[in-house]
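> Sharing a structure below in structure tokens format, with a few things to ask.
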Amino acid sequence: MTRSPFSRLRALVIASIVSVALLASGCAQGGSNETSTSAAPATQAAGAASNKPSGGPASAKPEPTGPVTDWTTVTAEASGLSFSAPANWKVIKASELQTDESKLEEAANEAGMSADALKTAMSTADIYILDQAGAQQGVPNNINVLSQTYPANTTVTEDALAAGVKSIGATPGQFSTESTTNGDAYVLTYTWDMGGQTLEGAAMYIPNADGKYVSITITTLDTALTGQIVSKIIATAA
């Protein structure tokens, strides 16, 4: 049976909690009070999305998607950042699910969650960018951008990011500092066993034009694909 992108929302919502969980664990240090308030939505979202997604038989392992060859510019309006994303992935504005009850009910029903739980879980999001073709095969490729930004004087450390990754049961990978148009960005890769799938992710903190940090996660089944998307976002973020 063909699945809509929303049929994988529970997995995607859980994956998106990585960013919030990292901040709640203290990855953003030395900033203003705006930074320290991030723990509350993290707790709410994690609670709302605590169940793992239902999937097909354990033997039906989805295959990773190949490299992206076509890109388009997307804008996360709430967080004030534009970047290139795969052209054939679907952009979902979290604000639409917050304000359109019919879309919210549809998404909640197909995700196997209550509308209230889904609404709470998505309350920290700006946009979700979903690989529709992959979702139909059970591949949870996605890019998530959080709506809350963090001050320019926020300090992001490898140890704190790694602690946040470990707190959700994932394994930290490589930490790097990357140059973007608006200043230095920070990236930590990770692997995460979720629902019988090994997710290859990256948590990114990228400055927007105002110098504030925007939190982005990339989740795929393929290390090379995650790396390709990270590199493209770094090169095009504005």
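The values are calculated or read from the model by the stated rules, or taken from the named source; none is laboratory data. Just so we're clear, the structure is a prediction, and the values are computed from it rather than from any experiment. We place every Cβ from the backbone using ideal geometry, glycine too, and count neighbours over all the protein chains shown. What goes into the accessible areas is simple: the full protein's heavy atoms, side chains included, and nothing from ligands, DNA or RNA. Shrake-Rupley method; radii C 1.70, N 1.55, O 1.52, S 1.80 Å.
> Filter the stretch 196-235 down to the residues that are open to solvent by 50 Å² or more (accessible area, probe 1.4 Å) and part of a helix (DSSP H, G or I) and list them by number.
Within the stretch 196-235, Thr223, Ala224, Gln228, Ser231, Lys232, Ala235 meet the criteria.
> Residue by residue through the stretch 149-163, note down the ones that are among the small types (Gly, Ala, Ser) and free of Cβ contacts under 8 Å to residues at least 40 places away in the same chain.
Ala162
> Name the single residue that is nearest to Thr236 (Cα to Cα) among those in the stretch 157-186 being touching a Leu at 6+ places or on another chain (Cβ under 9 Å) and in a strand (DSSP E or B).
Applying the first criterion (touching a Leu at 6+ places or on another chain (Cβ under 9 Å)) to the stretch 157-186 yields 158, 160-165, 167-168, 170, 172-176, 182, 186.
Next, only the ones that are in a strand (DSSP E or B) stay: 172-176, 186.
Values: Pro172: 25, Gly173: 23, Gln174: 21, Phe175: 20, Ser176: 17, Tyr186: 15 Å.
This residue is Tyr186.
> Here is a list of conditions, (1) in contact with a Ser or Thr (Cβ under 7 Å, 6 or more places away or on another chain); (2) modelled with pLDDT of 95 or more; (3) within 18 Å of Ala162 (Cα to Cα), and Ala185 meets all of them except one; can you say which number that is?
Unmet condition: (1).
> Restricting to the stretch 149-169, what's the tally of residues that are of a type in the set (A, V, I, L, M), surrounded by fewer than 22 Cβ atoms within 10 Å (Cβ to Cβ) and modelled with pLDDT of 85 or more?
So the first thing to find is which residues in the stretch 149-169 are of a type in the set (A, V, I, L, M), and the list is 152, 156, 160-163, 165, 168.
Within this subset, residues satisfying the condition of being surrounded by fewer than 22 Cβ atoms within 10 Å (Cβ to Cβ) are 152, 160, 162-163, 168.
Next, only the ones that are modelled with pLDDT of 85 or more stay: 152, 162.
Final tally of qualifying residues: 2.
> From the list Val156, Val187, which one is within 28 Å of Gly138 (Cα to Cα) and not hydroxyl-bearing (Ser, Thr, Tyr)?
Within the list Val156, Val187, the selection yields Val187.
> Follow-up question, since we're still on this one. Please work out which residue is surrounded by the fewest Cβ atoms within 10 Å (Cβ to Cβ), limiting yourself to the stretch 126-148 and to residues that are modelled with pLDDT under 85 and outside any helix (DSSP H, G or I).
Restricting to residues being modelled with pLDDT under 85 and outside any helix (DSSP H, G or I), the top hit is Gln137.
Listed here are the residues, each with its yes/no results for (1) surrounded by fewer than 16 Cβ atoms within 10 Å (Cβ to Cβ); (2) modelled with pLDDT of 85 or more; (3) β-branched (Val, Ile, Thr); (4) touching an Asp or Glu at 6+ places or on another chain (Cβ under 7 Å).
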{"site": "Asp70", "(1), (2), (3), (4)": "yes, yes, no, no"}
{"site": "Phe83", "(1), (2), (3), (4)": "no, yes, no, no"}
{"site": "Asp100", "(1), (2), (3), (4)": "yes, yes, no, no"}
{"site": "Ala108", "(1), (2), (3), (4)": "no, no, no, no"}
